Every structure is written in C-alpha cells, then in structure tokens.
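The values are calculated or read from the model by the stated rules, or taken from the named source; none is laboratory data. Just so you know, these numbers come straight off a predicted model, no measurement behind them. Heads up, the Cβs are rebuilt from the backbone with ideal geometry, glycines too, and the neighbour counts pull from every protein chain shown. Areas reflect the complete protein model, heavy atoms only, side chains present, ligands, DNA and RNA absent. Shrake-Rupley method; radii C 1.70, N 1.55, O 1.52, S 1.80 Å.
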Amino acid sequence: LEANNFRIIKFPVPYLVIDEIKQEGKIALKDIKIEFLLASLFRFNPKISEVTIGEAVVHLNNDDVNFLSHSEFISELILKEALSVKAKVNKLTFVESDNDVPFIINNFNFSSGNEGTNFEGIIDNIGNINGSFEKSADNVLFKIDVQDTSYNFKLNETYKNGLLFEGKAELKTTNLSSKIAKLIPDFGNIESYLSSNEEVKINFDIKPLKQGLT
C-alpha cells in the first residue's frame, strides 16, 4: 500500500488524516480520517475506533457484475477477508476489470463486530440497501434488502468456503419490467414490451451452476 500526505490532528481528540492510500489495480482511498479509542491512547497502544473515507474505489477481478453474476462479487469479498473492516464511506465506487463502473454506493456504512458485519447505503437508480454477513465456521450467510418507492427486493444466500451454496430471493413490485431491468441489465429490452402497475410478488430459489445461476 502507498500512502500520501498524512498528518496528526491533536485537538480536541487526536486523530489521523491521510489524503490518499492506494494499491495499484486493487483499491484507492481518499480523504481518510482515522479515529482512535481514547483509552488506548492513554495506554500508548492506539486502537482504531472508526474510519471515515471521503471516496473509495475498489477494483474487481470480474468484468460483468450484475444480479446474474453477483455471487462472484460476494465470493471475492469473502475470500479477500474484507468483512472485518469498519468504515463510513461517503462515495464507494466499484470498477470492473474492463474499467466499467457497475454501480456506486453513497453514504455507505460498513461495520463489523462479534455478531457479524452489517452495511447500508444508497445506490442511484436502484434504491436504499441494507444487509449483513454472518459467519459461522466456514459458512457465511449473506442478506440484503433493497427498497425503492415501488419495489422491495430481499436476498438470502449461504456461502461455503467462499463459494455460493444456495439462496432464496423475493421481489415485490408495482412495476415489474422496470425493476427486473434494473436488477438484471441484460433483460433491459423487456421494459418496452411489458407495462403494468399491478403489484406482483415473486419468490424463487437460487442454485449455482457452471454457467451461472438457476
């Protein structure tokens, strides 16, 4: 990792400010504020209490992140042991291996503790998200709830040794074609064929296949 221009602010409580931290091709963090537990400073053994990041850019190994390939993205987070991080990020941008930006999360809070990892944020054109990672032995239970004015999407999945094992999903919406197109961009053309304001609820199971999900 390469860090640029850091300084210590001493008053009223000491904290560290770093302009930028980056690892080429993997991650770049800007405008970082690192706060410490006050008691740990008195013991001359500083322990971080919270990290606030103005902007974070995460580079992914995958080049097509959407609902149909989301398990690869989640597996990458688990296998890279990214679930122990605790941070607030004003703007979190994911960049695919072909430099496309699949989505940006604003006001992203990611907190870890003994009970697991929780997160929340806002994705433009998709809605408010909140979810969690709960780890037990080699298993990780991933949950996410996405809400917008006209739909609610819930996803529960189990990952074993970092790989998707099984899952369940529920979609409730009054604008089915539009919401499917947002969750699965490859199906964007259905929006011009279907139009209905009737509330629809869809439940389905998820299983991994070599070619994708079923």
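Summary table
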item	result
Modelled FRET efficiency - R0 22 Å, residue 199 with residue 168, Cβ distances, 0.05 increments	0.65
Rough spin-label spacing in nm, given labels placed 7 Å along Cα→Cβ, for residue 5 and residue 35	2.4 nm
Cα centroid separation, segment 101-138 to segment 5-32 (Å)	22 Å
Modelled FRET efficiency - R0 25 Å, residue 154 with residue 111, Cβ distances, 0.05 increments	0.75
Within the accessible area of segment 102-165 (1.4 Å probe), percent carbon and sulfur	45 percent
Average accessible surface area per residue within segment 74-160, 1.4 Å rolling probe, Å²	53 Å²
FRET E, pair residue 101, residue 45, Förster distance 35 Å, beta-carbon r, rounded to 0.05	0.30
